[in-house]
Structure formats: C-alpha cells, structure tokens
Amino acid sequence: MKENTGNMHSRITELTGARYPILLGSMRFISLGEMAGIVSENGGFGQIGASGLTIGRLREEIRKARSLTDAPIGINIPVYRPNAFETLEVAIEEGVRTITTSAGDPNKLAGRIKEAGLKVLHKCSTVSMARKAQDAGVDGVIASGAEAGGHVSREQITTFALIPQLVDALRIPVVAAGGIGDGRGLLAAFALGAEGVEVGTRFLATSEAPVSEGYKSRIISADCDGTILIGRTAMPSRVLRNQAAAVVEQMERDGASKEQINAYADEFYCHDDPDKAIMPAGQIAGLIGTVVSVREVIEAIIGEARTRLADVNCYFQGRM
Ligand SMILES: Cc1cc2nc3c(=O)[nH]c(=O)nc-3n(C[C@H](O)[C@H](O)[C@H](O)COP(=O)(O)O)c2cc1C
C-alpha cells in the first residue's frame, strides 16, 4: 500500500521549515551530520547534537548534513557546556535557522539567539521549567517525558501527563518527546495538544544509525520493561537493561560518587560489545521489532497516523 505522506502543517513545521513535525532527537555522538541530513532529506527535522563535539567537528558535521540535503537542519546546544556560546556562533555563521537548547537556563543564550534572528526550542520536563523558558522568549518547547531514552528529569512526569498540562499553561507550541515510535504515538501526541514530536529510540533501530549492530538488535528484542533508570542520584538516564547497567546499579548501591558513575557511563557509552555498553533507549523499544531505513520510519509514522485518525473518528460516528 502506498502511504499517504502529503505535507503536514503546524507551528512546529513553521518554526523548523520541515515537511513533517518530526524532529530527530539529539543523541550524543549519534545525531551527527549524516543522520541529520538523512532525516531532513526525508521530511523530518534533522538536528545535530553538539554535545561532546569540538567546534571544528561541529562545522564538519553541519557540512556533511548539507551535502545530503537542501532541507533545513538544526543544532542542539546543551546550555551548561562551557563552549555553548561558541557553538551558537558556529550555528549562526553556518546559516542554521532553528536550534534547540537543553540542560540549562535558556536565558543564557536567548539574547544572542534573538539578535541573530534564529528560532529556538528549549527542552523541558516540567510546567515550571517550560514557563521560565517561555518567559525567556523561546519560540517553543520540547517536552521530555520519563519514558524517553537518555537523560530524563528527576521529576519523572510521563509524556502523557506532561503534554496537556504544558499546552494549557503556555502560549508557545509544544513538541512531545518520549515514547513515540509510530503513527499512533504521533496522533496521541497531537490529540494531547502537541504540534510536533521528537523521536530518538525509533531512529536508533535504523540501517543508517551509527551504532553497533548489537545495540540495534538489543532494541528490537527488548520488551516493554527492557529499560531501566541508572544514575538516579547523579543524572538519571534511561538505558537498555544489560550487564553494564547492572554494574552501574551495583555502584549506586555501594555508594559510588556521581563522578564515578558518570565516568563509567561515559567510558562505556555505546561500546561495541552490547553486554559492556551503556546503551540509552526509551520504553518504546518494546514496540520496535525491525531495523528499517530512516525513510521507512518517517513514512510509516505519517502514513499510520493518517489511517489511525480515520479509525478513531469511527468511534465518534457510532460505526465500527
Ligand atoms: C542514545 C540516546 C542519546 C541521547 N542523548 C541526548 C543528548 O545528548 N541530549 C539531549 O538533549 N537528549 C538526548 N537524548 C534524548 C533524545 O534527544 C530524545 O528526546 C529522546 O530519545 C526521545 O524519546 P524516545 O527515546 O522515547 O524517542 C538521547 C536519547 C538517546 C536514545
């Protein structure tokens, strides 16, 4: 069956310039130029995670993305990083129009972002954080729920509970992140009032994702309880359950310091051996059963959301 994948429109497609309101989640050392370029070329909004990249490497990754697509790409800047300002200057010089910020106070970069005429979405996990971001002048928020892969907030508010509360509290548009792996997820997010989705875990299980085959196969074989939170006392992070995650849990029970836990997690982040690796992934891993291309992921999400919308409508028309 040919998917119906005509363009979509929301305030998030306006802000990003993408055909579909689907953002590639910023994933450290994974959401690089190639993934961003491929996602944008297929209608999503590919963003390059600047976390851990030198300024020179970031420029290379931006140019790599540009060699793969003429569609807009974005950069995610973790605000707390010492090179956040320099990263922003590179984004401006390279002509990036929309950036996302995370992990810190959005006020820090807001002045320069506005002066340069860029659009910015800030990642939040509570209503109070999102209100502060709106007051700082951001154009939208990415609301990250507790089911998401990677770093999650201590407050542990789920996507399903967080999105409608944010939509009611804010004037600016909301992107839902965490737990979205197919068209049903996109439709649910829109039903809750979101105007876009950010997807991480589903994009990891693609042929193009630059992670080991072992990582991909652990995602597609994971059950719904296949992830756990590690680093609860340091920086909570949702990862696939494996030997490495069990080591971190034991370190925590033994009273290891935040620095020791972070150092271990950094050393084994995405290691080639899937038993030794710390592999961030969200609870939606349990839904993912195959490794497909980025293009197939995006087309399936859009196509399925449209079909499912028609199915849901039947409930209101009294016919099944
Ligand atoms: C492997 C991995 C690495 C991630 N790294 C980052 C990061 O460096 N910065 C960030 O803001 N979010 C990071 N995230 C979160 C994603 O950007 C995205 O918000 C999240 O994956 C969405 O939830 P999902 O995994 O349920 O799709 C990461 C997620 C994963 C799975």
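Please enumerate the residues belonging to segment 103-116 that are touching a strand residue (DSSP E or B) at 6+ places or on another chain (Cβ under 7 Å) and either more than 16 Å from the ligand (Cβ to nearest atom) or modelled with pLDDT of 95 or more (or both).
Taking segment 103-116 and keeping what is touching a strand residue (DSSP E or B) at 6+ places or on another chain (Cβ under 7 Å), we get 103-104, 106, 109, 113.
Of everything in segment 103-116, just one residue is touching a strand residue (DSSP E or B) at 6+ places or on another chain (Cβ under 7 Å) and either more than 16 Å from the ligand (Cβ to nearest atom) or modelled with pLDDT of 95 or more (or both), namely Ile113.
Right, Ile92: open to solvent by 10 Å² or more (accessible area, probe 1.4 Å), out of contact with any strand residue (DSSP E or B) (no Cβ under 8 Å at 6 or more places or on another chain) and more than 24 Å from Leu204 (Cβ to Cβ) or not? Lay out the reasoning, then the answer.
Values: open to solvent by 10 Å² or more (accessible area, probe 1.4 Å): yes; out of contact with any strand residue (DSSP E or B) (no Cβ under 8 Å at 6 or more places or on another chain): yes; more than 24 Å from Leu204 (Cβ to Cβ): yes.
Taking the combined requirement at face value, the residue satisfies it.
How many residues are open to solvent by less than 30 Å² (accessible area, probe 1.4 Å) and modelled with pLDDT under 95 if we restrict to segment 151-175?
Adding up the residues that qualify gives 2.
Among the residues of segment 75-124, count how many are assigned to a helix (DSSP H, G or I) and among the aliphatic types (A, V, I, L, M).
Filtering segment 75-124 down to residues assigned to a helix (DSSP H, G or I) leaves 84-93, 107-115.
Subsequent filtering for residues that are among the aliphatic types (A, V, I, L, M) retains 84, 88, 90-92, 109-110, 113.
So the count comes out to 8.
Consider Ala71 carefully, then state whether it is crowded, with 20+ Cβ neighbours inside 10 Å, hydrophobic (A, V, I, L, M, F, W, C) and farther than 19 Å from Lys123 by Cβ.
On the way: crowded, with 20+ Cβ neighbours inside 10 Å: yes; hydrophobic (A, V, I, L, M, F, W, C): yes; farther than 19 Å from Lys123 by Cβ: yes.
The answer is yes for Ala71.
Are there any pairs with C-beta distances below 8 angstrom linking a residue in segment 296-316 that is on the phi > 0 side of the Ramachandran plot to a residue that is open to solvent by 60 Å² or more (accessible area, probe 1.4 Å) and hydroxyl-bearing (Ser, Thr, Tyr), with the two at least 6 apart or on different chains, and if so which?
Every condition considered, no pair remains.
Lys132: open to solvent by 30 Å² or more (accessible area, probe 1.4 Å), outside any loop (DSSP other than H, G, I, E, B) and in contact (Cβ under 8 Å) with a residue 40 or more places away in the chain, yes or no? I'd like the intermediate steps shown before the answer.
On the way: open to solvent by 30 Å² or more (accessible area, probe 1.4 Å): yes; outside any loop (DSSP other than H, G, I, E, B): yes; in contact (Cβ under 8 Å) with a residue 40 or more places away in the chain: no.
For Lys132, the condition - open to solvent by 30 Å² or more (accessible area, probe 1.4 Å), outside any loop (DSSP other than H, G, I, E, B) and in contact (Cβ under 8 Å) with a residue 40 or more places away in the chain - is not met.
Looking at (1) assigned to a helix (DSSP H, G or I); (2) touching a residue at least 12 places away in the same chain (Cβ under 8 Å), which is the one condition that is false for Met27?
Status for Met27: all satisfied but (1).
Looking only at segment 278-293, how many residues end up being hydroxyl-bearing (Ser, Thr, Tyr) and closer than 20 Å to Gly43 by Cβ?
Residues of segment 278-293 hydroxyl-bearing (Ser, Thr, Tyr): 290, 293.
If we keep only those that are closer than 20 Å to Gly43 by Cβ as well, we get 293.
Of the residues in that region, 1 qualify.
Checking the conditions here, which among Lys119, Lys132 is more than 16 Å from the ligand (Cβ to nearest atom), in contact with a Lys or Arg (Cβ under 9 Å, 6 or more places away or on another chain) and among the basic types (Lys, Arg)?
Details: Lys132 fails: in contact with a Lys or Arg (Cβ under 9 Å, 6 or more places away or on another chain).
Checking each option against the conditions leaves just Lys119.
Tell me, which helices (runs of 4 or more DSSP H) wholly within segment 190-299 include 1 or more residues that are hydroxyl-bearing (Ser, Thr, Tyr) and open to solvent by less than 20 Å² (accessible area, probe 1.4 Å)? I'd like the intermediate steps shown before the answer.
Numbers: elements: 201-204, 213-221, 243-253, 258-267.
Per the criteria, 201-204, 213-221.
Counting only residues that are part of a loop (DSSP other than H, G, I, E, B) and out of contact with any strand residue (DSSP E or B) (no Cβ under 8 Å at 6 or more places or on another chain), which one in segment 53-70 is farthest from Ala103 (Cα to Cα)?
If we filter segment 53-70 for residues that are part of a loop (DSSP other than H, G, I, E, B), which is where we start, we get 53-54, 69-70.
This time we only want the ones that are out of contact with any strand residue (DSSP E or B) (no Cβ under 8 Å at 6 or more places or on another chain), so: 53-54, 70.
Values: Leu53: 16, Thr54: 18, Asp70: 29 Å.
Ranking the candidates gives Asp70 first.
Any residue at all in segment 196-218 that's under 27 Å from Gly44 (Cβ atoms), more than 16 Å from the ligand (Cβ to nearest atom) and not charged (D, E, K, R)?
Filtering segment 196-218 for residues under 27 Å from Gly44 (Cβ atoms) gives 196-218.
Okay, now just the ones that are also more than 16 Å from the ligand (Cβ to nearest atom), so 207.
Then drop every residue that is not not charged (D, E, K, R), which leaves 207.
Yes, the conditions are met somewhere in segment 196-218.
The values are calculated or read from the model by the stated rules, or taken from the named source; none is laboratory data. Everything numeric here is computed off the predicted structure, so don't read it as measured data. All Cβ positions, even for glycine, are placed from backbone atoms using ideal geometry, and neighbour counts span all protein chains on display. For accessibility, only protein heavy atoms count, side chains too; no ligands or nucleic acids. Shrake-Rupley method; radii C 1.70, N 1.55, O 1.52, S 1.80 Å.
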